[in-house]
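Visitor: Got a structure here, written out as C-alpha cells. Questions coming.
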Amino acid sequence: MSGHDASGHLHVSPESKAPYADDVLERLHADAAEVIARYPQKRSALLPLLHLVQSVDGYVTGRGVSFCADVLDLTEAEVSGVATFYTQYKRHPNGEYTVGVCTNTLCAIMGGDLIFDRVSEHLGIGHDETTDDGRITLERVECNAACDYAPVVMANWEFFDNQTPESTIGLVDDLRAGKDVVPTRGAGKVCTFKEVSRVLAGFEDGRADEGVGAGPASLLGLRIANDRGWTAPGAQGSQPSPADAKEGSK
Amino acid sequence: MNRIENGQGTQDDIDKLVDICDNILGRSFCALGDAATSPITSAVQYFREEFEAGMHTPAHELFPPERSVLFDIQTKEPSGMVSA
Amino acid sequence: MTDTLTPILTKFWDDPQSWTLATYERHDGYKALTKALEMEPQAIIDAVKDSSIRGRGGAGFPTGMKWSFMSPPDGGPRYLVVNADESEPGTCKDVPLMMANPHALIEGVIIASYAIGCEHAFIYLRGEVVHVYRRLLRAVEEARAAGHLGTDVGGKGVRVDITVHAGAGAYICGEETALLDSLEGRRGQPRLKPPFPGAAGLYARPTSVNNVESIASVPGIILEGSDWFKGMGTEKSTGFGIFSLSGHVTNPGQFEAPLGITMRELIDLAGGMRGGRKLKFWTPGGSSTPIFTEEHLDVPLDFDSVAAAGSMLGTRALQVFDETVSVVRAVARWTDFYAHESWASARRAARARGGCARS
C-alpha cells in the first residue's frame with residue numbers, strides 16, 4: 001500500500017512499513033483477539049483496531065493497515081478506505097498531544113477563533129500541524145458537546161472548559177514542558193496520544209474514577225432546583241433532606 | 001455565503017442561496033442535507049437586511065468579533081481575526 | 001402543576017462519585033430492572049408506548065412505537081444500538097449525562113434489550129470524549145459484576161451484554177444508518193431507506209437505534225409508571241428533558257425540565273443575557289434547526305409548538321447569541337461545517353439515486 005495525500009489515501013512513510021518486532025506483534029495479536037471477541041462479526045472490530053494501531057505507532061501506519069487487514073480478512077484498500085474517513089485517525093505521525101480548539105459557530109463566536117489564532121501564532125503552526133519537538137498537534141475541532149462551557153479546548157480528547165487565549169497558551173506551554181496537565185472535567189492528568197488511543201480501543205486504564213462527575217454548568221439547573229425546592233413528582237423525585245445532601249458531598 | 005460574509009455579495013447571491021436551499025430541502029438522501037439549509041433560510045427570513053449589507057460591508061466591520069467573546073481581550077490586537 | 005425544573009436524570013450529578021454503581025443504588029438504581037424482569041417483555045413495550053415518550057435524539061419519533069415496529073422475532077439476533085454520537089452543533093446533554101450518571105443509561109439498555117429481545121446491545125459513543133468512554137466501560141464492568149449483565153441477568157435466565165464502542169470522528173455517524181455502517185467497521189455513510197433498521201439494521205438484523213436520553217428515561221417510566229411520566233410535559237410532548245443553554249447568557253448550563261418550558265423562563269434561570277445586552281437570535285434544537293428570535297421567547301418548547309412556530313425542538317440545544325453577533329458570520333460557519341461534514345457526498349448520493357428518502 002502506498003499513496004499520496006492528494007488521493008485521499010494514507011501517506012505512508014517508508015519506516016512505517018518496517019515489520020513489527022516479534023514481541024509487539026504478539027501483543028497486538030492478543031489485544032486484537034480481545035477486541036474481535038466483543039463483536040458478533042469481526043469487521044466491527046476495525047475502528048477499535050485502528051485506535052489500537054495508533055496506540056503503538058502514533059498514527060495509522062502501513063504496517064498497521066496490513067495488520068488490521070490480516071486479522072480481519074479485509075484488503076488493505078478496504079482498511080485504508082475506512083481509516084481515511086475518520087478524523088481521529090492520523091495519516092502522519094501525530095504529536096504527543098492533540099490540542100483541538102473548537103471553532104464551530106458557538107465556540108468560535110464566544111472566543112474560539114481568537115484562541116485558535118493566538119495559540120497558532122504562539123506555536124508557529126497551523127491546523128493539523130505539529131510542533132518541531134513533536135509534542136503538540138494543533139487542530140480546529142468541531143462541536144465537542146460542551147457548549148455550556150464555551151469556548152472549549154480539547155487536549156487528547158479531555159475537556160478544558162471556559163478557555164481564554166492565555167489559558168490555552170499556558171496549557172500548550174505546560175504540555176511542551178512535560179508537566180502533568182489536569183483537564184477541567186476528565187482524568188487526573190492528560191494522557192499521551194498513544195495512551196488515549198489504547199483507551200479508545202476499549203482497554204481501560206484505571207482512570208475512570210478520577211475527576212469530577214459534573215462541572216458547574218452541568219449542575220446549574222440542579223442547584224437552582226435544590227435552592228427553590230423544585231422536584232420531579234413521585235418517589236424518584238423526592239428531595240433528599242439537606243442533611244443527606246451535605247453528607248453526600250463530603 | 002463567504003462573499004456575503006466578506007462584504008462582496010450581490011443581490012443574486014442572496015437569491016441564489018435561498019434558491020439552492022429550496023432545492024435541497026426534502027430532496028436530500030439524508031437529514032444532513034435539510035439540516036444544512038435550515039439556518040440559512042431562517043436567517044435570511046429574519047435578518048435579510050444583514051445579508052443585504054453583505055453586498056458592501058464585511059460582517060467583521062458591522063459586528064466586530066471581539067465584542068462577542070466571553071473573555072476580556074488583553075492588550076494585544078487580535079491578529080488574523082479577519083475572516084479569509 | 002409540576003415544578004419549573006424536575007431533576008430526575010440530573011438529580012444526583014452533584015454527588016461526589018455520582019458515576020459509581022454504589023451512588024446509583026443509593027438513588028433507587030436498578031430497582032426498575034428488578035421490576036422489569038418480573039414483567040413480560042411486551043408489557044414493558046406497552047408501558048413505554050403508554051408514556052408517549054418521543055425520541056430525545058432530535059426527530060421525536062415515539063420510542064415505544066419504534067420498538068414495536070421491529071420485525072417480529074424469527075429466532076435470530078435482534079439488536080439495540082444506542083446513539084451516543086452526540087455531535088450536532090450546540091448539543092451537549094448526553095455527554096454530561098454519561099459522564100455523571102452512566103448507570104441510568106446502562107440500566108435503560110438492559111431493560112430495553114429485555115423488552116425487544118436483544119441479547120447483545122451496543123452503545124456507539126463518539127471517540128472524542130475519552131473520559132466518558134472510561135466511565136461507560138467502568139459502568140458496564142460494575143453492572144456485569146453485580147449480575148445485571150451476562151447470561152443470567154437478575155437470576156432470571158435473561159441474557160444481555162453490552163459492548164461500548166468508540167467512534168473515530170465523523171459527524172455523519174449521528175445519522176442512524178451511517179452509525180450502523182460505522183459500527184460494522186465501514187465508512188459511516190447513510191443507507192437508503194427502506195429497509196428501516198427495525199427490519200434490517202445492524203448486520204441486516206432487526207435493530208432499534210435510540211438516543212441516550214430516551215433510553216436513560218426508560219427506568220423511570222418502568223419504576224414510576226407511565227402516568228408519572230405523562231404528568232410532566234404537554235399532552236403530545238410528555239415527560240421531561242434536559243435543556244442545554246449556551247452562549248451569551250449570564251450562566252450557561254443544563255436544566256432538566258418538563259417539555260413545554262419557554263425560552264423566556266430558561267434565560268431567566270440562566271441569569272438573563274450577559275451584561276444586559278439584547279438577545280438577537282437563538283437555536284431551539286441545535287444548529288440544524290431554523291433560528292428563532294426574541295418574538296419566539298414564549299413558544300412552549302415542546303415538539304408541536306416549536307414546529308408550529310417554524311422550527312424544530314431537535315435536541316433542545318439552545319444556543320443564544322446577542323446583538324453583537326453577525327448572523328451572517330454565524331450562518332456562514334454552520335454552512336462550512338455541513339460542507340466539511342460531507343454534505344457534498346450526501347448530495348452526490350442524492351443525485352445518483354434520484355433523491356428523497358429523508359431519514
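The values are calculated or read from the model by the stated rules, or taken from the named source; none is laboratory data. These numbers come from a predicted model, not from an experiment. Here the Cβ positions follow ideal geometry from the backbone for every residue, glycine too, while neighbour counts run over all protein chains shown. In case anyone asks, the SASA skips ligands and DNA or RNA and just uses the protein heavy atoms, side chains included. Shrake-Rupley method; radii C 1.70, N 1.55, O 1.52, S 1.80 Å.
Visitor: Specify the inter-centroid distance of the range A:83-121 and the range C:158-172, based on alpha-carbon positions, in whole Å.
Guide: Taking the Cα centre of each part, the range A:83-121 and the range C:158-172 sit 25 Å apart.
Visitor: Grab the Cα-Cα distance for C:ALA307 and C:ASP152, subtract it from 0.36 nm times how many residues apart they are, and report the gain in nm with one decimal.
Guide: Contour length minus the Cα-Cα distance gives 51.3 nm.
Visitor: I'd like the distance between the alpha-carbon centres of the range C:43-93 and the range A:29-59, rounded to an integer number of Å.
Guide: Distance between centres, Cα-based: 28 Å.
Visitor: Now, a different point. Using every pair of alpha-carbon atoms in the range C:76-176, split the distances into 5 Å bins beginning at 0 and state the percent of pairs per bin, rounded to integers.
Guide: 3, 13, 24, 24, 18, 11, 5, 2, 0
Visitor: Please work out how much length the chain gains when fully extended from C:THR34 to C:ASP46, using 0.36 nm per residue of separation minus the C-alpha to C-alpha distance, in nm with one decimal.
Guide: 2.6 nm
Visitor: Read phi for every residue in the range C:57-74 and hand back ³J(HN,Hα) as whole Hz from Karplus 6.51 cos²θ - 1.76 cosθ + 1.60, θ = phi - 60°, with x for Gly and Pro.
Guide: x, x, 7, x, 6, x, 4, x, 5, 4, 5, 6, 7, 5, 4, x, x, 10
Visitor: Chains C and B: buried accessible surface, both sides, probe 1.4 Å, rounded to 100 Å²?
Guide: Chains C and B together bury approximately 3300 Å².
Visitor: Another question, if that's okay. Kirkwood hydrodynamic radius (Cα pairs, Å) of the range C:192-308?
Guide: Radius from the Kirkwood sum: 16.4 Å.
Visitor: How crowded by other chains is C:62-74, given as the mean number of beta carbons from other chains within 10 Å of each beta carbon?
Guide: Mean number of neighbouring Cβ atoms from other chains: 0.
Visitor: Could I get the Rg over Rh figure for chain A? Both from C-alpha atoms, Rh via Kirkwood, rounded to two places.
Guide: 1.05
Visitor: How crowded by other chains is A:57-67, given as the mean number of beta carbons from other chains within 10 Å of each beta carbon?
Guide: Per-residue shielding by partner chains comes out at 0.
Visitor: Counting only protein heavy atoms and using a 1.4 Å probe, what share of the accessible area of the range C:59-171 belongs to carbon plus sulfur, as a whole percent?
Guide: 53 percent
Visitor: Same structure, new question: Over chain A, with a Gaussian network built from C-alpha contacts below 10 Å, which listed residue (A:LEU123, A:LEU74, A:LEU175) shows the highest mean-square fluctuation?
Guide: Its mean-square fluctuation being the largest, the pick is A:LEU74.
Visitor: Enter the mean number of other protein chain beta carbons within 10 Å of the beta carbon of each residue in A:45-54, as an integer.
Guide: The shielding value for this peptide is 3.
Visitor: To the nearest 0.05, what FRET efficiency results for B:ARG67 and A:ASP173 with a Förster distance of 35 Å applied to their C-beta separation?
Guide: FRET efficiency, B:ARG67 to A:ASP173: 0.80.
Visitor: Given the rule -39500 (n - 2.57) for each run of at least 4 DSSP H residues, summed and divided by the residues of chain C, what is its mean residue ellipticity at 222 nm, to the nearest 500 deg cm²/dmol?
Guide: It lands at -10000 deg cm²/dmol.
Visitor: Another question about this same structure. Just to verify a number: FRET efficiency for C:ARG159 and B:HIS56, C-beta to C-beta distance, R0 = 45 Å, to 0.05?
Guide: Taking R0 as 45 Å, the efficiency between C:ARG159 and B:HIS56 is 0.10.
Visitor: Per-residue accessible area for A:SER16 at 1.4 Å probe radius, Å² rounded to 10?
Guide: 0 Å²
Visitor: Rounded to the nearest 10 Å², what accessible area does A:VAL199 show when all protein chains are kept and the probe is 1.4 Å?
Guide: Taking all protein chains as shown, A:VAL199 has close to 0 Å².
Visitor: Just the projected area, averaged over all directions, of the convex hull on the alpha carbon atoms of the protein assembly as shown: how many nm²?
Guide: Result: a mean projected hull area of 28.9 nm².
Visitor: Please list the non-local residues whose amide H lies under 5 Å from the amide H of A:VAL141, H modeled 1.01 Å from N, same-chain partners needing a gap of 5 or more.
Guide: A:VAL101, A:CYS102, A:THR103
Visitor: Could you order C:ILE221, B:ILE20 by accessible surface area, starting with the largest, using a probe radius of 1.4 Å?
Guide: B:ILE20, C:ILE221
Visitor: Using a basic spin-label model with each label point 7 Å from the Cα along Cα→Cβ, how many nm lie between A:HIS127 and B:ASP19?
Guide: With each label placed 7 Å out from Cα toward Cβ, I get 2.9 nm.
Visitor: Of the accessible area of the range A:97-191, with the probe set at 1.4 angstrom, what percent is carbon plus sulfur?
Guide: 44 percent
Visitor: With N set to the number of residues, divide the alpha-carbon radius of gyration of the range A:77-133 by 2.2 N^0.38 Å and report two decimals.
Guide: Against the empirical 2.2 N^0.38 Å value, I get 1.36 for the range A:77-133.
Visitor: In what sequence, highest mean first, do A:114-122, C:208-216, B:1-9 appear when ranked by Cβ atoms within 10 angstrom?
Guide: Put in order of decreasing packing, that is C:208-216, A:114-122, B:1-9.
Visitor: Between their Cα atoms, which of C:LYS11/C:LYS31; A:LYS90/A:LYS194; A:LYS42/C:LYS93; C:LYS35/C:LYS156 are more than 21 Å away from each other?
Guide: Among C:LYS11/C:LYS31; A:LYS90/A:LYS194; A:LYS42/C:LYS93; C:LYS35/C:LYS156, the Cα-Cα distance tops 21 Å for A:LYS42/C:LYS93.
Visitor: List every residue whose amide H lies under 5 Å from the amide H of C:LYS280, counting only residues 5 or more places away in sequence or on a different chain, with H placed 1.01 Å from N in the peptide plane.
Guide: C:PHE321, C:ASP322, C:GLU323
Visitor: How long, wide and thick is the range A:119-171, going by the Cα atoms along their three principal axes, in whole angstroms, largest first?
Guide: 34, 20, 15
Visitor: While we're here: What order, most packed first, do the peptides B:44-53, C:96-105, C:326-335 have when packing is the mean number of other Cβ atoms within 10 Å of each residue?
Guide: C:96-105, C:326-335, B:44-53
Visitor: Let me ask something else about it. What's the Cα-based Rg to Rh of the range A:97-191, Rh via Kirkwood?
Guide: Ratio of gyration radius to Kirkwood radius: 0.92.
Visitor: Round to the nearest 0.05 the FRET efficiency obtained for C:ARG144 and A:LYS17 when R0 = 56 Å and r is the Cβ-Cβ distance.
Guide: Working from the Cβ atoms, E equals 0.90.
Visitor: Let me ask something else. Quick check: the distance between the Cα centres of the range C:292-335 and the range C:116-143, to the nearest angstrom?
Guide: 32 Å
Visitor: Amide H to amide H under 5 Å from C:ALA121: which residues, 5+ apart in sequence or cross-chain, H placed 1.01 Å off N in plane?
Guide: C:ASP161, C:ILE162, C:THR163
Visitor: Work out from phi, with θ = phi - 60° and the Karplus expression 6.51 cos²θ - 1.76 cosθ + 1.60, the ³J(HN,Hα) of each residue of the range A:212-221, listed in order in whole Hz, and give x for Gly and Pro.
Guide: 7, x, 8, x, x, 5, 4, 8, 4, x
Visitor: Using a 1.4 Å probe and counting only protein heavy atoms, how much accessible surface gets buried when A and C come together, both sides summed, in Å² to the nearest 100?
Guide: Buried area (both sides, nearest 100 Å²): 6800 Å².
Visitor: If you don't mind, there's one more thing I want to ask. Say each of C:ARG264 and B:GLN11 gets a label point 7 Å from the Cα, pointing the same way as Cα to Cβ; how far apart are those two points in nm?
Guide: It works out to 3.9 nm between the two label points.
Visitor: Dividing the convex hull volume of the Cα atoms of chain C by its residue count, what figure in Å³ per residue is obtained?
Guide: 135 Å³
Visitor: Using each residue's phi in the range C:114-124, evaluate 6.51 cos²θ - 1.76 cosθ + 1.60 at θ = phi - 60° and report the 3J(HN,Hα) Karplus result to the nearest Hz, with x for Gly and Pro.
Guide: 4, 5, 9, x, 9, 9, 9, 9, 10, 10, 9
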